[in-house]
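Engineer: Below is a structure I'd like to ask you about.
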Ligand code: DQA
């Protein structure tokens, strides 16, 4: 039987993890995180694919593609688009994908402009504030869906 696929989508500036404000986001690079998630996925019987883009429309396209391909669940750290993108909210609603919102930091304890999450209006779950571990907890939850 084919492994269930989990797509891990990362939005703007997350390619800079490791050097980007490490006091907030930690020292792990996105490659470090992806390597751990791939290994964790293998142990859980999941095929994990990690992607990153700085472009909002690319995230929308990837969600549409995930729907067509029958992806089991999506872990989505949309970065700042979390707080601005009605297009991403609409894409999650339109595809009816099981999306788990992920953040390294806890946006609700930061500046007020980070308190609103459009992604959170359609996501089925949210893991935040655990640093890179947020992704690992989210993957465990995706495996249980
Ligand atoms: C983030 C939180 C967002 O507010 C911010 O714009 C990011 C990263 C996080 O993972 O903590 O780019 O999504």
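None of the figures in this text is laboratory data; all of them are computed from the coordinates on show. Note that the coordinates shown come from a computational prediction; the quantities given were computed from them, not determined experimentally. Quick reminder, even Gly has a Cβ in these numbers, built from the backbone with ideal geometry, and neighbours come from all protein chains shown.
Engineer: Determine if region 74-81 includes at least one residue that is farther than 27 Å from residue 26 by Cα, buried (at least 21 other Cβ atoms within 10 Å of the Cβ) and touching a strand residue (DSSP E or B) at 6+ places or on another chain (Cβ under 9 Å).
Structural biologist: Of all residues in region 74-81, those farther than 27 Å from residue 26 by Cα come to none.
Checking region 74-81: not a single residue is farther than 27 Å from residue 26 by Cα, buried (at least 21 other Cβ atoms within 10 Å of the Cβ) and touching a strand residue (DSSP E or B) at 6+ places or on another chain (Cβ under 9 Å).
Engineer: Now, a different point. How many residues are free of Cβ contacts under 8 Å to residues at least 40 places away in the same chain, under 17 Å from residue 62 (Cα atoms), surrounded by 13 or more Cβ atoms within 10 Å (Cβ to Cβ) and more than 10 Å from the ligand (Cβ to nearest atom) when one looks only at region 84-122?
Structural biologist: The total comes to 12.
Engineer: Could you check, for region 8-27, whether at least one of its residues is over 21 Å from residue 107 (Cβ atoms) and in contact with a strand residue (DSSP E or B) (Cβ under 8 Å, 6 or more places away or on another chain)? Lay out the reasoning, then the answer.
Structural biologist: To start, the set of residues in region 8-27 that are over 21 Å from residue 107 (Cβ atoms) comprises none.
Checked region 8-27: no residue is over 21 Å from residue 107 (Cβ atoms) and in contact with a strand residue (DSSP E or B) (Cβ under 8 Å, 6 or more places away or on another chain).
Engineer: Right, here's the next one. What residue, of 69, 136, is surrounded by fewer than 21 Cβ atoms within 10 Å (Cβ to Cβ), within 16 Å of the ligand (Cβ to nearest atom), in contact (Cβ under 8 Å) with a residue 40 or more places away in the chain and within 25 Å of residue 2 (Cβ to Cβ)?
Structural biologist: Details: 69 fails: within 16 Å of the ligand (Cβ to nearest atom).
None of the others qualify; the one that does is 136.
Engineer: Scan (1) surrounded by 13 or more Cβ atoms within 10 Å (Cβ to Cβ); (2) touching a strand residue (DSSP E or B) at 6+ places or on another chain (Cβ under 6 Å) for the single condition residue 145 breaks and write down its number.
Structural biologist: (1)
Engineer: Would you check which residues across region 106-132 are assigned to a helix (DSSP H, G or I) and within 12 Å of the chain's Cα centre (by Cα) and list them? Walk me through it before giving the result.
Structural biologist: Of the residues in region 106-132, the ones assigned to a helix (DSSP H, G or I) are 107-109, 112-114, 119-121.
Across region 106-132, the qualifying residues are 119, 120.
Engineer: A follow-up question, please. Yes or no: residue 102 out of contact with any helix residue (DSSP H, G or I) (no Cβ under 7 Å at 6 or more places or on another chain) and not in a helix (DSSP H, G or I)? It would help to see each step written out before you state the result.
Structural biologist: Numbers: out of contact with any helix residue (DSSP H, G or I) (no Cβ under 7 Å at 6 or more places or on another chain): no; not in a helix (DSSP H, G or I): yes.
In short, no.
Engineer: Residues of region 18-57 being surrounded by 13 or more Cβ atoms within 10 Å (Cβ to Cβ), part of a loop (DSSP other than H, G, I, E, B) and touching a residue at least 24 places away in the same chain (Cβ under 8 Å), which ones?
Structural biologist: If the condition is that a residue be surrounded by 13 or more Cβ atoms within 10 Å (Cβ to Cβ), part of a loop (DSSP other than H, G, I, E, B) and touching a residue at least 24 places away in the same chain (Cβ under 8 Å), then 26, 28, 53, 54 are the ones that fit.
Engineer: Is at least one residue of region 7-17 over 11 Å from the mean Cα position of the chain (by Cα), away from the ligand (no atom under 13 Å from the Cβ) and surrounded by 14 or more Cβ atoms within 10 Å (Cβ to Cβ)? Lay out the reasoning, then the answer.
Structural biologist: Here is the first cut: in region 7-17, the ones over 11 Å from the mean Cα position of the chain (by Cα) are 12-13, 15-17.
With away from the ligand (no atom under 13 Å from the Cβ) added as a condition, the list becomes none.
No.
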